[in-house]
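J.: My questions will all concern the structure given below.
The values are calculated or read from the model by the stated rules, or taken from the named source; none is laboratory data. Bear in mind the structure is a predicted one, so any value in this text is a computation, not a measurement. Cβ atoms come from the backbone with ideal geometry, glycine included; neighbour counts cover every protein chain shown. Protein only, heavy atoms only, side chains kept; ligands, DNA and RNA dropped before computing areas. Shrake-Rupley method; radii C 1.70, N 1.55, O 1.52, S 1.80 Å.
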Amino acid sequence: MQQALLQTERLVFRKPDASDLAPYTSYCQSDRTRFVGGPFCGVQAFEKLAAMIGHWELRGFGRLVIVHSTTGRALGHVGAMQLSTDELPELTWTLWAGEDEGQGYATEACKAYRDHARSELGISTMIARIMPDNLPSRRVAERLGGILNVNAQPPQWMANAVTYDFMM
């Protein structure tokens, strides 16, 4: 396994790599992606993972794979993406399997990344775009101190999303 960039008591965070393709594809092909435009076919999953990996080269930061420190199993991903430099970085997170929900992994991962973004990346403000009926993600955003921005215009690629602002 590659070197961890971050870790908490239960989780280790590393850059995504080729070993993530199979579990990420399973996630992409599942109904778990319904809030982000999915499900996706295998080719789309490959493209999305390749974009996640390439984001590091293009922006110097990006999303990290969340790995359970005891089992070594990839649980999901967390981190900032910035599709346009005209916009703030967006904090994103997801757990790849439903069995991992309800254990606090997403909140723990987001807090660790948020602190890393502030102290190591110099990012002082981020947003999160969430579909209105994705209540678990909205609760995570609120636990992180996100403020619902009722005036934010959603992007064309996620037209119904609500936006949370994070001041780090």
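J.: When a/c reaches 1.5 or more, the comparison of a/b and b/c decides; with that in mind, is segment 121-168 rounded, prolate or oblate per its Cα gyration tensor?
T.: Oblate, since a/c reaches 1.5 and b/c is not below a/b.
J.: Per residue, how much accessible surface does segment 37-168 expose to a 1.4 Å probe? Answer in Å², no decimals.
T.: 50
J.: Taking a ≥ b ≥ c as the square roots of the eigenvalues of the Cα gyration tensor of segment 9-80, is the shape rounded (a/c under 1.5), prolate (a/b larger than b/c) or oblate?
T.: Oblate, since a/c reaches 1.5 and b/c is not below a/b.
J.: Amide H to amide H, which residues 5 or more places from Leu5 or on other chains are under 5 Å from it, using H placed in the peptide plane?
T.: Phe13, Arg14, Lys15
J.: Mind giving me the nanometre distance, one decimal, between the label points for Gln44 and Asp115, set 7 Å out from Cα along Cα→Cβ?
T.: Reported label-point gap for Gln44 and Asp115 is 3.6 nm.
J.: Ordered by packing density, taken as the mean number of other Cβ atoms within 10 Å over each peptide's residues, highest first, how do 104-115, 52-63 rank?
T.: 104-115, 52-63
J.: Another one. Hey, got the Cα dimensions of segment 70-129 along the principal axes, in Å, largest first?
T.: Per principal axis, max minus min of the Cα coordinates gives 37, 22, 18 Å.
J.: Just check the chain against the gyration tensor rule for me: Cα atoms, a ≥ b ≥ c as the square roots of the eigenvalues, rounded for a/c under 1.5, and otherwise prolate or oblate depending on whether a/b exceeds b/c.
T.: rounded
J.: Using a 1.4 Å probe on the protein heavy atoms, what percent of the accessible area of the chain belongs to carbon and sulfur?
T.: Of the solvent-accessible surface of the chain, carbon and sulfur hold 51 percent.
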